[in-house]
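What follows is a structure written as structure tokens; I'll ask about it next.
The values are calculated or read from the model by the stated rules, or taken from the named source; none is laboratory data. Source: prediction; values computed, not measured. Virtual Cβ from ideal backbone geometry, glycine too; neighbours counted across all protein chains shown.
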Amino acid sequence: WNETNPPYLTVTYTLPSELDPWLTIDSGTSVNGTISALGNATHTIGFDPSNVGDGTYSTNIKIASNDTDEPEILIPVTMTVETPVIVIDQSSFDYGDILVGEISTDQFSIENTGTAALIGSITTPTGYSVALAGADNSRSSKKLEPIAKDNRNVLTFDIAPGVTVNYDLTFAPVAVADYNGNVVISHNALGGSDNIAVTGAGVEPDIDLSPTSFAVTIQEHETGTETLTINNTGGYPLTYSGSISYATDADSKIESPSDDETSWLTLDNATTISGTVGAGGNVLVSVGLDPSGLADALYTAYINIVSDDPDEGSLSVQVDMTVSTSGISVSPLTFDFGYVAVGEQSSDQFTIENTGNATLTGSISDLTGFTVSEFVPEGSAVEQKKEILENPTDAVSFSISGLSSVTYDLTFTPPSIGDYSGTITITHNAAPAAIDLTITAYGDEPDIDVSPTSMAETLESDETASQNLTISNTAQVNLSYNAEVEYTTTISYTIDVYPQSFSRWTGTTDGTTINQSSLVDCTYPQDGWMMFDLSSLPTDATIQSVAFNGYVNATNYPYWSITPISSDPLTADPATLHADIIAEATSGNYLQQNEQSNYAPGWKQHTLGGTVVEDLQAAIAAEKFPLGIVGRDGSSTYYIIFDGWNETNPPYLTVEYLLSEDSWLTLDSGNSVNGNIGSVGSDVITVGYNSAGLIDDNYNANINITSNDPDESEVVVPVTLTVATPGIAVSPASIDFGDILVDQSSTLQFSIQNSGTASLTGDITTPDGFTVAEETDARNKSNRKSDIRNNSRNKIDYTIPAGQTIYYDLTFEPVAAVVYSDDVTISHNAGGADETIAVTGTGITIQLGLNPTSFNESAYEGNTVNTSLTISNTGTNSLNYSGNVVYNTDALTTVSVYPQSADRWTGATDGTTITQTSLVDCTFPQDGWMSFDISSLPADAIIQTVTFNGYVSDTNFPYWRITPITSDPLIADPVTLHTDIVAEATSGYYLLQNESSEYTTGWKQHLLGGTVVNDVQSSLVSSRFSLGIVGQDASATYFIIFDGWNETNVPYLDIEYIVPGDQWMNLDGSQSINGTVSPNGSDVLAVQMDTNGLSPDTYTATISGTSNDPDNPTFSIPVSFTVLQVLDAPENAAVEIDGSTVTVSWDAVPGATIYHVYSSDSPEGTFTEETGGSFNSGGRESWSKIYYPGPVPDKLFFKVTADDIVTDNINKKRE
């Protein structure tokens, strides 16, 4: 009921007449009365069809009386009801626009679908008339006679039931106006009246010309074009035609026109035009003027337009053409400016003369480097030229009256060096159309070129080198230059300075005596000093900072300071020295410390403040710098004691200073050089480098070259000297890959560090079975594997910038089951012997063997088949296998299981902390896990396969594993959990994947192997199964990250299982197997097939398993088991002899498909199967054989057996 097409029933019914009281007697339904003898009574019978439809209705009037002969009389009554019904096939007409005076006719029909005559009239509004349609348009085959005139505003009709009449409705506008109204149809049907809405408009074309005249001035050699627009402002298409006529009266100044004078005007390139303009539209007519051959004069013509505009059928447009001609002469036409210096000016003039009567107009084109201006005599020319030069224009326009001339200044100002020769074109309205001025001009200036634009050299200490610097002049004028060296680098240095190992370079005094000549003992009332040898500091060093380093060998809660002292501790008396030490203990000191009670002995470092930088700068000349150590407590309870120059840990200062290096670069052995270079010449300057006295660092300078080149008055050539020495550190010293399957690979990393300041270069050579590649984001492990197979070792070059460390991927891919042990050799330019990394690895093989590869067994009901399955390993490493029996008759069910939506159902750990509680991020050193809720699996489910489905959200070239884990990720500590995850990453895993560089994000699906089936089976009791995700790269560069339970794409497992049915087979007494086969060993598994509970039939199953053999990760052994029916022995055997034919017959045995007949010459003898004869089937089974010709035995005993097989693949027969 609530949809688009609800159902319905069609019900046909009748009503008893009493429910529709269309008949009355005296306005009621009954009467009664008394009639006297020989009298009568009259009653009124009424008919009322208002409550019934068209049709015939019948009933009876029953008259009951006391007439004993006719006590009841029935009078039949019949009423026939008929009604007209009108159907008009059109509700509206739109006649659109009709030209006034024309007509348009449409048709409509009136149909009487009722049962009575339809009578009425049709009345049309103004502009419309109605008439019966012609006989050929009638929709009825019945001929209709016209009722009224054929064309009038009112038309009556009388239409019989079932008849359709067609009418023509004609629209005939008599004026431009809208004709809208209704055709009114009055009738005797229900409603009494209907309307047909009519719309239409009377329209006419209306012409308008624009413009109404033309006046054009033109030169004899030119042509002109004007446009005449023919507009139709009316509502009906306008049809027009046009022609040209030429005037010859006095106004035209032409008395006897020639052919040229009557052919200068065209309309759309013709002499006549015609066409149609749509209502409200327009047409553009091209009016062409060609005065060729005409003298200067006024010429008049007319464009005559004739159209079907009823009001303006003919119009004329006057065209006046005035021919007036100009002429031109330009002098001179060539200019040679020669060479002009850039920025300077050179000027010349040319004159344009108008040799005609008409105004000469045109423009002078631009040319790079030139300006044109009208020459102005006297002093104003200078001002105008200046303005033009400051505000140049692209082109100069001119207008010169007839028979006059104008002179122009042509000024050349080259903006840069180059050839400015070219053409300035004067375009104009005279003939010929353009005149060219040919110009030769060049701009020039000194032009310096320096090569190279920057210089660099790398030297080790105390080396020299030289390079050439070329200064060139590519111009036609002399270049003067001066080159000087400017040093721009100030080098920062750090140095540690110590006391000299002599008495009183450190010590202690109480102001009375020198208490210690080395130990700095600040136990009240003593204070100490330290003096440092500055002789290793360069005299031009600029001190930046000073840090104190002292070893506290004894202390207790001290308040102490480091102070400036100006006296010489080597010679000062105790009183002077002590007073100097303590003078600035509380203010003006270098350091003031208030230690805590837990302050302990050991090395202490403090950056000194105050005036220490200035004081040490001033002390460089004296080559020694003293400072005081003051205990401020005023009590011997609190003290601080430092080691001095003669103790185990002498103090020292760390001094940071700057040096400006200004002697390592020369120009032709000096600091500067200058010279002059002629036209297109060059000078070569020798640039010398000298690293003597420089430490490893980068040194920068500029060679500043100044010249008279206006564009490059100063050129700076940056110069860098790098004083550098490479260093090398390789880690680790050895790499052990362990056991790797043959043709599999494992990649580990090592690093080479350049601990020096110069580039470290060399090569890396690997032994057999190993290859090396630099770690990059675009590594290609698959290509590297191919390289290993084609060349089991490789050698690569390397370059490592100073201070950087580069990691290298070392890949081991054994091609044989042997031990690989050798060195990776790393040559280098850092001095000393080659570096080596000891590498070891063992190639192993695992080879799964199955015997048999299929089972095809049979047994009679009640029997058992016992056989075996041998799983062998011909490899060099242990074979792990697992499997289970899959019965083909079992219902195999697949369920998808997910983590619960709670923390730590998935996640990641680095072994120290739980780094993620959802995202499975296997970016080194992290590895991850996933736990799955398997509570939806039946408790008696037998797991068949487990398929992993995970969404990789981010990755880069990963090697990864899926591993078993036994700990509970929800509660396990990070150490235990991480150890569990990675424990079986190299063997015992469920999945091993070495992806390529093209490995992308998205959903990944993998069938898991190893012991996963048994592990999931064992986990059914706990309703949770967990596995680990391990990244094998040991580098954060290569990683794999899966979405977890809280991300968009939650991981899941597809688990196939069966619910046990008839388990007629077992492997070692179980439905599943798993084990480990040692190299060159085998496991023999007992296979038993039991017919118990099985009906005779053939049963199939599969032993499905997985192994860690990379070539046979899965295996499948088909099993066929046939249960044979035990047959009854044949009964009621009988023998018949007919001549030489012997026939043996017996009762048919249910289930038997074949019989065997045996014979013997005695009951106790050996029965031999008869190979001849023929078997027949009927009511009884029989066998017949003819024993003649040939030897005929005296007597024979027969035995018959029944069998249910045809072939001999099962050699068991039951008698």
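Quick check on this structure: which one of Asn478, Asn482, Asn468, Asn473 is in contact with a strand residue (DSSP E or B) (Cβ under 9 Å, 6 or more places away or on another chain), buried (at least 17 other Cβ atoms within 10 Å of the Cβ) and not assigned by TED's automatic domain parsing to the domain that holds Leu577?
Details: Asn478 fails: buried (at least 17 other Cβ atoms within 10 Å of the Cβ); Asn482 fails: buried (at least 17 other Cβ atoms within 10 Å of the Cβ); Asn468 fails: buried (at least 17 other Cβ atoms within 10 Å of the Cβ).
It is Asn473.
Does Tyr524 fit the bill of being over 60 Å from the mean Cα position of the chain (by Cα) and outside any loop (DSSP other than H, G, I, E, B)? Let's see the steps before the verdict.
Details: over 60 Å from the mean Cα position of the chain (by Cα): yes; outside any loop (DSSP other than H, G, I, E, B): no.
So Tyr524 fails the test.
Something else about it: Given the criteria modelled with pLDDT of 90 or more, in the same structural domain as Ile752 (by TED's automatic domain parsing) and not in a loop (DSSP other than H, G, I, E, B), does Thr867 qualify?
No, not satisfied.
For segment 227-249, which positions are loosely packed, with under 14 Cβ neighbours inside 10 Å and assigned to a strand (DSSP E or B)?
Thr227, Thr229, Ser241, Ser245 - these are the residues of segment 227-249 that are loosely packed, with under 14 Cβ neighbours inside 10 Å and assigned to a strand (DSSP E or B).
So if I check each of Ala902, Ala939, which one is assigned to a loop (DSSP other than H, G, I, E, B), more than 44 Å from the chain's Cα centre (by Cα) and loosely packed, with under 15 Cβ neighbours inside 10 Å?
Result of the check over Ala902, Ala939: Ala939.
A further question on this structure: If you check Thr44 against the conditions, is it at negative phi, β-branched (Val, Ile, Thr) and either at pLDDT below 90 or surrounded by 10 or more Cβ atoms within 10 Å (Cβ to Cβ) (or both)?
Working: at negative phi: yes; β-branched (Val, Ile, Thr): yes; either at pLDDT below 90 or surrounded by 10 or more Cβ atoms within 10 Å (Cβ to Cβ) (or both): no.
In short, no.
Let me ask something else. Of everything in segment 625-667, what is under 30 Å from Ser466 (Cα atoms) and surrounded by fewer than 16 Cβ atoms within 10 Å (Cβ to Cβ)? Give them in sequence order.
Leu658, Ser660, Asp662, Ser663
With respect to Leu665, is the statement that it is at pLDDT below 95, within 30 Å of Asn704 (Cα to Cα) and in contact with a Ser or Thr (Cβ under 9 Å, 6 or more places away or on another chain) true? Working first, answer last.
Numbers: at pLDDT below 95: yes; within 30 Å of Asn704 (Cα to Cα): yes; in contact with a Ser or Thr (Cβ under 9 Å, 6 or more places away or on another chain): no.
Taking the combined requirement at face value, the residue does not satisfy it.
For segment 572-589, how many residues meet the condition of being without any contact (Cβ under 8 Å) to a residue 24 or more places away in the chain and closer than 11 Å to Ile514 by Cα?
Of the residues in segment 572-589, 2 are without any contact (Cβ under 8 Å) to a residue 24 or more places away in the chain and closer than 11 Å to Ile514 by Cα.
Looking at (1) in contact with a Ser or Thr (Cβ under 9 Å, 6 or more places away or on another chain); (2) assigned to a loop (DSSP other than H, G, I, E, B); (3) more than 23 Å from Tyr551 (Cβ to Cβ), which one does Asp580 not meet, given that it meets all the others?
It is condition (2) that Asp580 fails.
Would a scan of segment 389-396 turn up a residue that is surrounded by 16 or more Cβ atoms within 10 Å (Cβ to Cβ), of a type outside the set (S, T, N, Q) and modelled with pLDDT of 90 or more?
no
Right, Arg904: at positive phi and not assigned by TED's automatic domain parsing to the domain that holds Ser1072 or not?
For Arg904, the condition - at positive phi and not assigned by TED's automatic domain parsing to the domain that holds Ser1072 - is met.
Further question on the same structure: Can you tell which of Thr893, Thr947 is surrounded by fewer than 20 Cβ atoms within 10 Å (Cβ to Cβ), under 30 Å from the mean Cα position of the chain (by Cα) and either at pLDDT 95 or above or assigned to a strand (DSSP E or B) (or both)? First the steps, then the outcome.
Numbers: Thr893 fails: under 30 Å from the mean Cα position of the chain (by Cα).
Result: Thr947 is the single residue among Thr893, Thr947 that is surrounded by fewer than 20 Cβ atoms within 10 Å (Cβ to Cβ), under 30 Å from the mean Cα position of the chain (by Cα) and either at pLDDT 95 or above or assigned to a strand (DSSP E or B) (or both).
Please work out which one of (1) surrounded by 20 or more Cβ atoms within 10 Å (Cβ to Cβ); (2) of a type in the set (A, V, I, L, M, F, W, C); (3) not in a loop (DSSP other than H, G, I, E, B) is the condition Val975 fails and give its number.
Failed condition: (1).
Filter segment 985-1025 for residues that are in a strand (DSSP E or B), touching a helix residue (DSSP H, G or I) at 6+ places or on another chain (Cβ under 9 Å) and within 24 Å of Pro1110 (Cα to Cα) and give the result.
Start the filter on segment 985-1025 by keeping residues that are in a strand (DSSP E or B), which leaves 991-994, 1002-1007, 1024-1025.
Checking the rest, the ones that are also touching a helix residue (DSSP H, G or I) at 6+ places or on another chain (Cβ under 9 Å) come to 991, 994, 1025.
Leu991, Asn994, listed by residue number.
Quick check on my filter: what residues within segment 116-129 are in a strand (DSSP E or B) and either among the charged types (D, E, K, R) or in contact with an Asp or Glu (Cβ under 7 Å, 6 or more places away or on another chain) (or both)?
Answer for segment 116-129, where residues must be in a strand (DSSP E or B) and either among the charged types (D, E, K, R) or in contact with an Asp or Glu (Cβ under 7 Å, 6 or more places away or on another chain) (or both): just Ile119.
I'm trying to understand the selection: among the residues of segment 1133-1158, which are over 26 Å from Tyr860 (Cα atoms) and surrounded by 14 or more Cβ atoms within 10 Å (Cβ to Cβ)?
The answer is Val1142, Thr1143, Val1144, Ser1145.
Does any residue in segment 995-1013 that is at pLDDT 95 or above come within less than 6 Å, Cβ to Cβ, of a residue that is surrounded by fewer than 13 Cβ atoms within 10 Å (Cβ to Cβ) six or more places away or on a different chain, and which pairs are these?
Taking only residues 6 or more apart or on different chains, not a single pair turns up.
Would you be able to say whether some residue in segment 21-36 is within 29 Å of Pro84 (Cβ to Cβ), exposed (fewer than 10 other Cβ atoms within 10 Å of the Cβ) and either more than 60 Å from the chain's Cα centre (by Cα) or modelled with pLDDT of 85 or more (or both)?
yes
Select, from Val1013, Val1021, Val1050, the only residue that is surrounded by fewer than 17 Cβ atoms within 10 Å (Cβ to Cβ) and of a type in the set (Val, Ile, Thr).
After applying the criteria, what remains is Val1021.
This table checks each residue for (1) in the same structural domain as Glu774 (by TED's automatic domain parsing); (2) among the hydrophobic types (A, V, I, L, M, F, W, C).
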{"position": "Asp823", "(1), (2)": "yes, no"}
{"position": "Phe855", "(1), (2)": "no, yes"}
{"position": "Ala859", "(1), (2)": "no, yes"}
{"position": "Asn863", "(1), (2)": "no, no"}
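In this structure, does Ala541 turn out to be over 19 Å from Tyr524 (Cβ atoms), surrounded by 15 or more Cβ atoms within 10 Å (Cβ to Cβ) and either out of contact with any Phe, Trp or Tyr (no Cβ under 7 Å at 6 or more places or on another chain) or without any contact (Cβ under 8 Å) to a residue 12 or more places away in the chain (or both)?
So Ala541 does not fit the description; no.
Follow-up question, since we're still on this one. Just to check your reading of the model, which residue among Thr68, Thr59 is in the same structural domain as Gly28 (by TED's automatic domain parsing) and either in contact with a strand residue (DSSP E or B) (Cβ under 8 Å, 6 or more places away or on another chain) or at positive phi (or both)?
On the way: Thr68 fails: either in contact with a strand residue (DSSP E or B) (Cβ under 8 Å, 6 or more places away or on another chain) or at positive phi (or both).
On inspection, the qualifying residue turns out to be Thr59.
Here is a yes/no grid of residues against (1) assigned by TED's automatic domain parsing to the domain that holds Ser987; (2) of a type in the set (Ser, Thr, Tyr); (3) not in a loop (DSSP other than H, G, I, E, B):
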{"residue": "Asp1083", "(1), (2), (3)": "no, no, yes"}
{"residue": "Val1087", "(1), (2), (3)": "no, no, yes"}
{"residue": "Asn1092", "(1), (2), (3)": "no, no, no"}
{"residue": "Thr1098", "(1), (2), (3)": "no, yes, yes"}
{"residue": "Ala1101", "(1), (2), (3)": "no, no, yes"}
{"residue": "Ser1116", "(1), (2), (3)": "no, yes, yes"}
{"residue": "Ser1145", "(1), (2), (3)": "no, yes, yes"}
{"residue": "Val1157", "(1), (2), (3)": "no, no, yes"}
{"residue": "Ser1182", "(1), (2), (3)": "no, yes, yes"}
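Report, by residue number, each residue of segment 1054-1075 that is under 25 Å from Val895 (Cα atoms), among the charged types (D, E, K, R) and not in a strand (DSSP E or B).
Selection gives Asp1062 alone.
So, one more: Take the residues of segment 756-772 that are out of contact with any helix residue (DSSP H, G or I) (no Cβ under 8 Å at 6 or more places or on another chain) and not in a strand (DSSP E or B): which is surrounded by the most Cβ atoms within 10 Å (Cβ to Cβ)?
Within segment 756-772, the match that is surrounded by the most Cβ atoms within 10 Å (Cβ to Cβ) is Thr766.
Follow-up question, since we're still on this one. Cβ-Cβ below 8 Å, separation at least six or inter-chain, first residue in segment 610-621 and under 12 Å from Thr542 (Cα atoms) and outside any helix (DSSP H, G or I), second at pLDDT 95 or above and not acidic (Asp, Glu): which pairs?
Ile620/Leu534
Right, next: Do you know which residues across segment 959-991 are closer than 15 Å to Ile1040 by Cα, in contact (Cβ under 8 Å) with a residue 60 or more places away in the chain and in contact with a Ser or Thr (Cβ under 9 Å, 6 or more places away or on another chain)?
Scanning segment 959-991 gives Tyr959, Arg961.
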